[in-house]
Structure formats: structure tokens, C-alpha cells
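What follows is a set of notes on a single structure, which appears directly below.
Only the coordinates and a few stated rules stand behind these numbers; no lab work does. Quick caveat, the model's predicted, so the values are computed rather than measured. Here the Cβ is made from the backbone with ideal geometry for all residues, glycine too, and neighbour counts use every protein chain on show.
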């Protein structure tokens, strides 16, 4: 597919800047949502919405591993409700954000104990 979208090399930054919205991503790329959808399906083999959700969930995992609370992560990633974020996170990762926070806290405690 010949498209100026082939020249975009900062998709991750654009995803964050667009607040993980396909419509906003299309605006930032100065193209229509439909053209963006065709491009993603042909090049990335998935819709922009699916790709953005994957990026959003990867970012959520990063943030939770740095001991951010689930409510903070939900807010940072543009979710209107923490409960919706938690359901989406569990569906994607198979564990709840609270379980990730707990594991991260345990690793942090172990690191501190090992340094003493």
C-alpha cells in the first residue's frame, strides 16, 4: 500500500498523544479514520482500535509494575472509570491490576531486604 502513513515511525508516541483513540490518531496523521483502518489492516494485520488497545494495555502493565495504583493508571490512560480499566486489564492479561500491584510490592520489599 502506497501511503504517507508508511513514513510514520513514531506510532507509539502518537498512540499516547491521541489518548489511545483511533479517531484522534487519524486526526494526528491528517487522514480519515477509514484510510487509517485500511492502512492498519493491510500493514499491521489488525484494526487501529485493536492495536491501540494492545498499546494501552502494555503501557498499563508498565505503570502498574512501577507501583502506580490502578486508579492512577486508569486516569493516565484515559479510562473514565477504574472499574472499566480493571475489567479490560484482566481480560487482556488474565490477572487483575491489584495482583500486579501486589507482586510489584513484594518484589520491592525483597529488593530492600536483599540490600540490607
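Summary of computed values
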{"item": "Top-ranked residue of segment 9-25 - restricted to ones that are assigned to a loop (DSSP other than H, G, I, E, B) and closer than 18 Å to residue 43 by Cα, ranked as farthest from the chain's Cα centre (by Cα)", "result": "9"}
{"item": "Residues of segment 60-84 classified as touching a helix residue (DSSP H, G or I) at 6+ places or on another chain (Cβ under 7 Å), outside any loop (DSSP other than H, G, I, E, B) and within 24 Å of residue 27 (Cβ to Cβ), total", "result": "3"}
{"item": "Some residue of segment 31-49 being in contact with a helix residue (DSSP H, G or I) (Cβ under 8 Å, 6 or more places away or on another chain), surrounded by 14 or more Cβ atoms within 10 Å (Cβ to Cβ) and more than 18 Å from residue 8 (Cβ to Cβ)", "result": "no"}
